[in-house]
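What follows is one structure encoded as structure tokens, with my remarks underneath.
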């Protein structure tokens, strides 16, 4: 598609805006599972409507095969000597980094979303919040200290994402937290058929098989006892780490409660399983004539699960799409990354 330029005050994103950026050299949308959601636009200084592209204005572009248009704020640019300017844009959901909220004694996801939807500074939060999860549990990031909404969503320890889990979808002004955002797709990437390149990374550096859990409020410490995950690390060795469960409690726990919580944390995080990332490039079968009629059946999106098949090795596996690069101008994916992408909203935004 041709990127659409909108005024700073636009909220609907259904019109042709103030200009169509027809001379764009490149326009790539990068999206990660629970991570970055950004757009990079390259535009020549002598291109039509170049003078209208300004920091603060909004670019509307597609981000996947659905054709759905998402808005991105222009936040910075680089102007090299060759005259092709690179504009860096972030999804409008990043505006929640500049909306403050606070709350205390939040004990459920529903209460947390209600808090950030109705009690923000400035007032009148334009974003809405939805989830299919019914999670409960103390939300330690809402301890009365002012935070940005983006931090509460997933930017710090004890955040909604940290405590309740899930997969975010940012759709214009709507924030959706899914138990599982994607679908199991009837789509396969086959070595020797439509796979062009393949690179696999496996990292066991964060693995451990047991822990010594503790709780601390900065003044006192409650230390539990040795707790085993029941699993075996890739090294085969017993690997023990200190495990801080302070953010899991509203009040000072007992040693037994610390132990119980540590077991729950290990059950949820599978600490003996190494992270695995697979980057693939492939030909979309729907671009090949005999498969054109099946285009709608083979659309893939972030967080979908697809099959990767290696006929020569008689092996296959199911992997989640955790990162995509979408070429707006061609309407095709540049690349997909499959597996586990360990990135949080705080890491994506550089929040400490």
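Each reported figure results from applying straightforward, stated rules to the coordinates on display, with no laboratory input. As the structure is a computational prediction, the values presented were derived from the model and not from experiment. We place every Cβ from the backbone using ideal geometry, glycine too, and count neighbours over all the protein chains shown.
If you take the square roots of the eigenvalues of the alpha-carbon gyration tensor of region 34-111 and sort them as a ≥ b ≥ c, do you get rounded (a/c under 1.5), prolate (a/b over b/c) or oblate? Verdict is prolate for region 34-111. Peptide packing: for 138-148, 228-238, the average count of neighbouring Cβ atoms within 10 Å per residue gives the ranking 138-148, 228-238, highest mean first. Per the Debye formula on identical point scatterers at the alpha carbon atoms of region 96-180, with no solvent, log10 I(q)/I(0) at q = 0.15 Å⁻¹ is -0.45. So how far, in whole Å, is the C-alpha centre of region 1-56 from the one of region 125-179? Their Cα centres are 28 Å away from one another.
On the principal axes of its alpha-carbon atoms, region 210-269 has extents of 37, 19, 16 Å, going from largest to smallest.
Among 35-44, 121-130, sorting by the average number of other beta carbon atoms lying within 10 angstrom of each residue, highest first, gives 35-44, 121-130.
Among 6-17, 208-219, sorting by the average number of other beta carbon atoms lying within 10 angstrom of each residue, highest first, gives 208-219, 6-17.
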